[in-house]
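Would you mind keeping the following structure in view while I ask a few things?
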Amino acid sequence: MDYNVLSDTAILQKLGEFVKHHRMNQQKSQDQLATEAGMSRSTLSLLERGEKVNLITLIQVLRVLNQLHWLESFEVKQEISPMDYIKLQKKHERQRIRNVNMAAENPPSEW
């Protein structure tokens with residue numbers, strides 16, 4: 001589904017359907033879920049109907065339904081440019097190790 005073409009109201013309704021679906025799959029009543037999430041049943045009802053609610057309300061409900069993994073898509077991942085990657089590779093290349101003791105035993109000739 002292309003969420004870009006949906007109105008804000010339609011997206012709220014999809015979120016409400018998602019919450020209701022998972023609540024019913026877990027065989028919880030609105031009262032049970034609302035109590036576990038620390039809110040009133042009427043607030044949960046608003047969410048399930050696709051009405052405007054606070055974002056914290058959605059987070060609390062998702063937590064109780066064990067559905068917070070859906071928020072992973074909001075994670076900002078650090079990306080590295082190809083040039084920075086090459087610089088890092090050069091920095092970590094193996095360098096030749098000099099034997100300090102051999103250099104002291106065999107000083108350079110002076111001719």
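Just so you know, all these numbers are worked out from the coordinates, no wet-lab data involved. This is a predicted model, so every value here is computed, not measured. We place every Cβ from the backbone using ideal geometry, glycine too, and count neighbours over all the protein chains shown.
Viscosity 1.002 mPa s, temperature 20 °C: what is the translational diffusion coefficient of region 3-74 from Stokes-Einstein with a Kirkwood Rh over Cα pairs, rounded to a whole number of µm²/s?
This corresponds to a translational diffusion coefficient of 175 µm²/s.
Okay, moving on. At 7 Å along Cα-to-Cβ for each site, give me the label-to-label distance between Ser45 and Ile11 in nm.
The two pseudo-label positions are separated by 2.7 nm.
Follow-up. Output ³J(HN,Hα) for region 78-86: one whole-Hz value per residue in order, computed from phi by the Karplus curve 6.51 cos²θ - 1.76 cosθ + 1.60 with θ = phi - 60°, and x for Gly and Pro.
6, 10, 10, 6, x, 5, 5, 5, 4
Short version: ³J(HN,Hα) in whole Hz for each residue of region 32-39, in order, from phi by Karplus 6.51 cos²θ - 1.76 cosθ + 1.60 (θ = phi - 60°), x for Gly and Pro, what are they?
3J(HN,Hα) across region 32-39, in whole Hz: 4, 5, 4, 4, 5, 8, x, 9.
Now for a different question. Pull up the cross-link candidates among the lysines for Lys28, meaning alpha carbon to alpha carbon under 18 Å and not fewer than 8 places away within one chain.
Hits, sequence-local ones excluded: Lys20.
What does the charge count around Ser29 come to, taking other residues whose C-beta lies under 15 Å from its C-beta (Lys +1, Arg +1, Asp -1, Glu -1)?
Result for the neighbourhood of Ser29: +1.
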